[in-house]
Amino acid sequence: MNLAGRDLVTIDDLSNEEIESVFTLADEMSDSIGGQFGVCQGKVMASLFFEPSTRTRLSFEAAMNRLGGRVISVVEMSNTSLAKGESIADMARVVGSYADIIVIRHLWEGAARVVADYSDVPVINAGDGGHEHPTQTLCDLYTLKKERKTLEGLKIALWGDLKYGRTVHSLAYALARFGATIHFRPSPGLEMPEHVTRKLATEYTGRLEKYDGPRALDEKGLFPLDAIYMTPSGPHQLANIPAVGLEIELEKGVDALYVTRVQKERLGPESRLSKKGYPVVDRKLLREKGFEETMVMHPLPRVDELAYEMDADPRSMYFKQAARGLPIRMALVSLILGAREAHILQTKKPIFARKVSYPAYTRDTGIRCPNRVCVSSQETESRYIRPEFLIVSTDPLILRCAYCEHEIRPRYIASSKWHQGTAENKRYYAAKGSMISRINPDNIIIFDSESAAQEQGFKPGRRLVETGAQEGEKP
Amino acid sequence: MNLAGRDLVTIDDLSNEEIESVFTLADEMSDSIGGQFGVCQGKVMASLFFEPSTRTRLSFEAAMNRLGGRVISVVEMSNTSLAKGESIADMARVVGSYADIIVIRHLWEGAARVVADYSDVPVINAGDGGHEHPTQTLCDLYTLKKERKTLEGLKIALWGDLKYGRTVHSLAYALARFGATIHFRPSPGLEMPEHVTRKLATEYTGRLEKYDGPRALDEKGLFPLDAIYMTPSGPHQLANIPAVGLEIELEKGVDALYVTRVQKERLGPESRLSKKGYPVVDRKLLREKGFEETMVMHPLPRVDELAYEMDADPRSMYFKQAARGLPIRMALVSLILGAREAHILQTKKPIFARKVSYPAYTRDTGIRCPNRVCVSSQETESRYIRPEFLIVSTDPLILRCAYCEHEIRPRYIASSKWHQGTAENKRYYAAKGSMISRINPDNIIIFDSESAAQEQGFKPGRRLVETGAQEGEKP
Amino acid sequence: MNLAGRDLVTIDDLSNEEIESVFTLADEMSDSIGGQFGVCQGKVMASLFFEPSTRTRLSFEAAMNRLGGRVISVVEMSNTSLAKGESIADMARVVGSYADIIVIRHLWEGAARVVADYSDVPVINAGDGGHEHPTQTLCDLYTLKKERKTLEGLKIALWGDLKYGRTVHSLAYALARFGATIHFRPSPGLEMPEHVTRKLATEYTGRLEKYDGPRALDEKGLFPLDAIYMTPSGPHQLANIPAVGLEIELEKGVDALYVTRVQKERLGPESRLSKKGYPVVDRKLLREKGFEETMVMHPLPRVDELAYEMDADPRSMYFKQAARGLPIRMALVSLILGAREAHILQTKKPIFARKVSYPAYTRDTGIRCPNRVCVSSQETESRYIRPEFLIVSTDPLILRCAYCEHEIRPRYIASSKWHQGTAENKRYYAAKGSMISRINPDNIIIFDSESAAQEQGFKPGRRLVETGAQEGEKP
């Protein structure tokens, strides 16, 4: 097990042990930043940032330079051939022939995966739209570890914009894998996306309980508690907590309050809602709400959600999180470039993740990812990418986009097996009926609408005809 | 003969042997990219890109870094003093006092020449508007040489936007010098500019035959064959080819189909015309049109003109062209910086170029380059640049702008000798009459209009008066 | 006395001896630019340019690279988290944890001070709006020293845009400290700001004489002479110069004519005025106006104010000024990074500056800096910065903004001592009355308007009531 040559597109590309090995090396390097010069001599990093960045880009570039390596940078799409209509796949292939490693930030969700797929060199995702930001998660976890001495069994409240905040998506997965309890406290309208909570509920061993906003908590002036994720091996079985128990649980406080900025640049119709009542985290709030011993974390940049008076407070971790980006990225880059070897301890620690293997759906039956910033939805990219989904549920039928992980619930199905030989047997059925259980996942054909099915030569199946309007398309 | 300290503004700044010597060093360096670190230690490259770029800028910067040199970059005009109205001459002088070599891309045609004229360090043209792009040509020729083992006597079809595609201008000159046959297959409205075809016809030893689009070829669905350039020492004398013979000649296929993108960012009124019927190069086209054994080349970025299915095809060379930009630019930069010496073989190979020396025209008689993106047409630059032309033909009278090479056909002439002493003798004549043959090129005075001539104190000459309206200015 | 770890925000952050020590090292380094590679190995410079730059940024980056150090760059605000609403204080803290030194240019006046206050590493101001540009002044002084062999007692004419030209502000302070005579020849409407002339008059030992534009000089076609600053230890006592004597003084010529560009990007209502009659400096002007032996200096970029024919003239210093930016910045950076030690000669040369210590005014009584580009006026920055002023005069009452140095003349005062205990004693008075002399500066409370005073619970003082409308607010 080695990190050399590996891509880091989502935080789940690294195992728990590998994450710990990055931290071990970061510890070593931060003790002697100046002594690392030359570790990556002769190596070239392509730093491709197509969205604004200060911390991430500068710490990656400083890291590479402090390792003695070199950096070639792109900081704006309009200065590149992407502005002439080039696809990111072409860019990835070309840049991969000049550099030894690519660091990419892009506004399209799934873009880093495409770059990794098409370039010959390892790729690090430095943020792909609202999807993931795995190296920020490494900085966050490293800070938690430094302050709490362990990553196991922590209790963390995620606060603010959980919908578009890519850092909290990557962080939630990582926390789940280390057996954490997570309190979701979104700003109204900016709740965790369904695909994130479903992933937490199905691919990790913990249990996710959603609430419709317990009023008692709301009255305290905090964001409503939207959901709790709790690892069953932990001391508190969520199932045992009645309504009153929950409040007790909450009053015990959390290890860290992870505050996030409203990602104004990504907001859609939630825009108006989210601005209202976004509470400022300050000393008063921490005192009143039982966060006296809670670390305050923030991936930065902050805008109005975190008071400047917190800066000198010993509980504030956000400048430490940012500063630790340097040793973390030095360690990560030198491991991926194979300039240093990972010391991966084979521990007997439990890993709170499940191996789940969903069937893929790759037939082109007109289904498109509904996410308008998904890389697969872009005109330049759809020249070579085919939409690709995982069937993460059949009852109800839910597809997850293989690029951006957004979900879609298609309404009609058929089987490739039934109609073999006879056109008359080409029939489609409602996805929510019982027919789906009779179809082998390898044979399933999925349509988003009746017209899509009919365009491909399918006729309504018997049940669909019988039940009529109920199953038919709504006008 | 040495490359140290030399400028590379047009591809003709390098002789055939010098081009081969760059390739020899590129071969050596690509065998050991990692071993070149330190070759340019302590040297600084200024990488000035005022038009979007991915491949060219990043490969130049990666090249300098892999040689152990350093790079200072500018990637957008608006971030520099050019935005405050500074001339590129001033910029060139100043940057030349900080860096050891300048690489410049600019949208103004002739800009690289100005930078080379005003800076004290060697300058490489990384693309000046629609004029030239000599280092792309080095990548193209290097790829042809690697694949065909020779640069002599190749047969190449240039395809697409031949008007604004700077890469095909530089490439056509280089191919001509190596004795190639070139098929010009422009997208309608985007034919090779007159100044390029005239240069090919007069400054190289081959013969250029233009067509008004042979219908038979058109029906095949290819771009009309607009012209053929053929080196006479080659086996096929163009003069011997009748109409039927031409078709046979064409059916023999070409070594490479050099596809180009429509340069949308430079299009003028041709904009509408060019989009229509731009055929996509895909496997089907290659199969049907007799290009089975043809290499497919493209300077990239591509947009819609080259199908993604070609990427895995062994005939596709475009990613190789791009990847070879690294060793080519490493070799070129180290030679120009004098960090490596060129091994220039004195071969007895023929050079298919003619020494042509055109008289210069530098008098300020109101003649301006008609090209609105010529560097000499810019307000900031006209403060110090005087328009300068070469008299490339006297019958008809044609001037070629010394900066961008665009042509102008002025309509009136006079002689500085005739009127010496007597104002009465200050007479101007029609450029297309016989008077021009009586004027020594050193003495010629040229006007674009009768009013320009009269403003400078000249009167209509006798013949102009006699012939009257015919010679006079059209309303 | 050492420069290691020091900030350079204004030119007065360096003593005369320290300036000379930078020049000594610059001399040494310019004799062997190539020999400096490695001096700053392993060090990282953050080069943060939020306004366009060619010379300053590229020479800083080239300097760091030629010292063997590394550079991480930001060249546009829109590509950073500042675009997401981050404060520069947050940015400074974070970047200071990645780099060893920060070079910052920003359009907000006082921004470099804020960055220096909040980052843990030394900061060099590379231009903060129209405020200061100390490293340009080092290039200017270095050029003067190289050409005149001394910095003492020079006579310099400052020409053009003295209002927004940050280079002339820093230069004027430095010249004054070295005992220079300065002729101020502003373009109409672009006179030196009051805060600069007041500082010259009060913090340096020379005497400043202002004129209302002597006509005789105006007729010569020069810019009107607006003011003269003359160091009393010099041979010419300004006090002794009657009107005729002044003209003789002026006709003796100056060592250098320091020409500046109109800073179009900063112009407000003066815009129309300034363009008119901005005379071009060319050979004719130098000949006719008695500048035959005068050096022509310019910080560049130039636009129209300096003729290209001057470029080859031996009196022209502007390209030398620019070129000397390289050794100057190499010396400065290596000294501040502690990679080289300053050899500071303890001379007995006089220093023409006064130690002045103004009382600070930091109470929040609603007074705001009137400068709309002051860093303290920005929404993002006012979250943590409190307005801060120096009381530079009490008769009349003048506050100087501690960030941008712009002046404000508040109209009402009170004392914190008088009203202790009794609300009835909370009275405010006119600032221009005699009451101010009775208030200890530590106790003074200042208001910009009567309404501001009343909002804070103060009532009009007796004298204010008696004098009534005269002292009251104008409608």
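The values are calculated or read from the model by the stated rules, or taken from the named source; none is laboratory data. Keep in mind that this is a model prediction, so the values were computed, not measured. FYI the Cβ positions are ideal-geometry reconstructions off the backbone, even for glycines, and counts take in every protein chain you see.
What to note about this one:
- Where strands (runs of 3 or more DSSP E) fall wholly inside the range C:114-210, the ranges with 2 or more residues that are not assigned by TED's automatic domain parsing to the domain that holds C:Val259 are C:123-128.
- Subset of the range A:439-475 that is among the basic types (Lys, Arg) and at pLDDT below 90 - its residue that is surrounded by the fewest Cβ atoms within 10 Å (Cβ to Cβ): A:Lys474
- Only one of the numbered conditions (1) within 14 Å of chain A (Cβ to nearest Cβ); (2) out of contact with any helix residue (DSSP H, G or I) (no Cβ under 6 Å at 6 or more places or on another chain); (3) surrounded by fewer than 24 Cβ atoms within 10 Å (Cβ to Cβ) is not met by C:Tyr118, and that is (2).
- Conditions (1) farther than 22 Å from C:Ala360 by Cβ; (2) at pLDDT 95 or above; number of the one not met by C:Leu397: (1)
- The condition of being among the β-branched types (Val, Ile, Thr), out of contact with any helix residue (DSSP H, G or I) (no Cβ under 6 Å at 6 or more places or on another chain) and farther than 22 Å from C:Glu309 by Cα holds for only one of B:Ile391, B:Ile344, B:Ile351, that being B:Ile391.
- Output for the range B:418-431, where each listed residue is in a loop (DSSP other than H, G, I, E, B) and either of a type in the set (Ser, Thr, Tyr) or modelled with pLDDT under 90 (or both): B:Trp418, B:His419, B:Gln420, B:Gly421, B:Thr422, B:Lys426
- Against the list (1) modelled with pLDDT of 85 or more; (2) among the charged types (D, E, K, R); (3) touching a His at 6+ places or on another chain (Cβ under 9 Å), the condition B:Glu191 fails is (3).
- So C:Leu250, is it surrounded by 19 or more Cβ atoms within 10 Å (Cβ to Cβ), at pLDDT below 85 and assigned to a helix (DSSP H, G or I): yes
- Residue list for the range C:350-394, restricted to those being of a type outside the set (A, V, I, L, M, F, W, C) and assigned to a strand (DSSP E or B): C:Tyr361, C:Ser393, C:Thr394
- Number of the exception - C:Val303 against (1) in a loop (DSSP other than H, G, I, E, B); (2) farther than 21 Å from B:Tyr384 by Cβ: (2)
- Candidate set from the range A:11-32 (those that are β-branched (Val, Ile, Thr) and in contact with a helix residue (DSSP H, G or I) (Cβ under 6 Å, 6 or more places away or on another chain)); member that is surrounded by the fewest Cβ atoms within 10 Å (Cβ to Cβ): A:Ile11
- Taken together, the criteria place B:Ser81 among residues that are in contact with a helix residue (DSSP H, G or I) (Cβ under 9 Å, 6 or more places away or on another chain), under 26 Å from C:Val303 (Cβ atoms) and at pLDDT below 95.
- Every listed requirement among (1) modelled with pLDDT of 95 or more; (2) touching a Ser or Thr at 6+ places or on another chain (Cβ under 8 Å) is met by B:Lys146 save one, (2).
- Comparison of A:Tyr258, A:Tyr318, A:Tyr278, A:Tyr308 shows that the only residue that is at pLDDT 95 or above, at negative phi and either more than 24 Å from the chain's Cα centre (by Cα) or surrounded by fewer than 22 Cβ atoms within 10 Å (Cβ to Cβ) (or both) is A:Tyr308.
- Each residue in the range C:1-58 was checked for being of a type in the set (Lys, Arg) and modelled with pLDDT under 95, and 1 of them qualify.
- Any hit, the range C:387-402, residues being surrounded by fewer than 20 Cβ atoms within 10 Å (Cβ to Cβ) and polar (S, T, N, Q): yes
- Filter result (over 30 Å from C:Cys40 (Cα atoms) and touching a helix residue (DSSP H, G or I) at 6+ places or on another chain (Cβ under 8 Å)) within the range B:91-115: B:Arg105, B:His106, B:Trp108, B:Glu109, B:Gly110, B:Ala111, B:Arg113, B:Val114, B:Val115
- Identification of helices (runs of 4 or more DSSP H) wholly contained in the range B:1-110 with 3 or more residues that are touching a residue at least 40 places away in the same chain (Cβ under 8 Å) and away from chain C (no Cβ under 14 Å) yields B:16-30, B:55-66.
- Scan the range A:293-308 for residues that are of a type in the set (S, T, N, Q) and within 11 Å of another protein chain (Cβ to nearest Cβ) and the total you get is 0.
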